[in-house]
Every structure is written in C-alpha cells, then in structure tokens.
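The structure that follows is given in the form of structure tokens.
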Amino acid sequence: MEMIKDAYDHEDYHEYTTQVHALKSSARLIGAGELAKLAQELETAGREGDIQRIQKETDVILKKYVWFYDRLDEIFR
C-alpha cells in the first residue's frame, strides 16, 4: 500500500502501474475479486496515461486495500 501511495504522491505513474499490477495479482490469489478488479482498472489507466482516472480512484483502492489487510490481520494474528 505504501508503495502505491508513494508512487502516486510522486506522480511516478510507471511505478504506480507496476504496483497496482502486483496488487491485482495478490488480490486474485486471496479471492479479493472487487479489489483485483479495481487494481486491473487502475493498471489499465496507468498504461493508457489516464491520470484523471488514477486521481479519482486511488483513494478508493487504498481504502479497499486497508479493509482487506485488516481482515487478514485479524485472521492471521
């Protein structure tokens, strides 16, 4: 999550795209379909240079990421 936020904050959209790609893959592995779908959409936005979409959806994906992370933390503590 920090790497996505850092890349976004520094407007490094290449790194941002790489990080949401990794999140997409991880989310799929754990069955977090909604998170994976949004990560896919943001990966596509990054590849296409759709900065407005990235700006609009980054807070959404980070909140979803935190929600899933917290649920997993509760299970595996």
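Values quoted throughout were computed directly from the atomic coordinates according to the rules given, and no laboratory measurement underlies them. Just so it is clear, the model here is predicted, and its values are computed rather than measured. A quick note on method: Cβ atoms are made from the backbone with ideal geometry, for glycine too, and the neighbour counts reach across all protein chains shown.
How would 54, 30 line up from fewest to most surrounding beta-carbon atoms within 10 angstrom?
30, 54
I've got another one for you. May I ask you to sort 41, 11 by Cβ crowding, counting other Cβ atoms within 10 Å and putting the fewest first?
11, 41
Note the angle between two axes, namely the Cα long axis of helix 13-29 and the longest principal axis of the Cα atoms of the chain, as a number of degrees from 0 to 90, rounded to the nearest 10.
30 degrees
Can I ask one more? What value, in deg cm²/dmol to 500, does the helix sum -39500 (n - 2.57) over DSSP H runs of n ≥ 4 give at 222 nm once divided by the residues of the chain?
Details: 4 runs with 67 residues, N = 77.
After summing the helix terms and dividing by the residues of the chain, the value is -29000 deg cm²/dmol.
Angle, helix 33-48 long axis vs. longest principal axis of the chain, Cα atoms, 0 to 90°, nearest 10?
For 33-48 against the chain, the angle is about 20 degrees.
Find the lysine pairs in the chain meeting two conditions, Cα atoms under 13 Å apart and a separation of 8 or more places or different chains, and report how many there are. Intermediate results must be reported in sequence, preceding the final value.
Values: 5/63; 24/37; 24/64; 37/64.
Lysine pair count for the chain: 4.
Quick one: order 21, 14 by neighbouring beta-carbon count within 10 Å, fewest to most. The partial results should precede the final answer.
Working: 21 17, 14 10.
Least crowded to most crowded, the residues run 14, 21.
Of the options 16, 62, 44, report the single residue whose Cα projects farthest towards the positive end of the charge dipole of the range 2-76 (beta-carbon charges: Lys, Arg +1; Asp, Glu -1).
Checked the options; the winner is 44.
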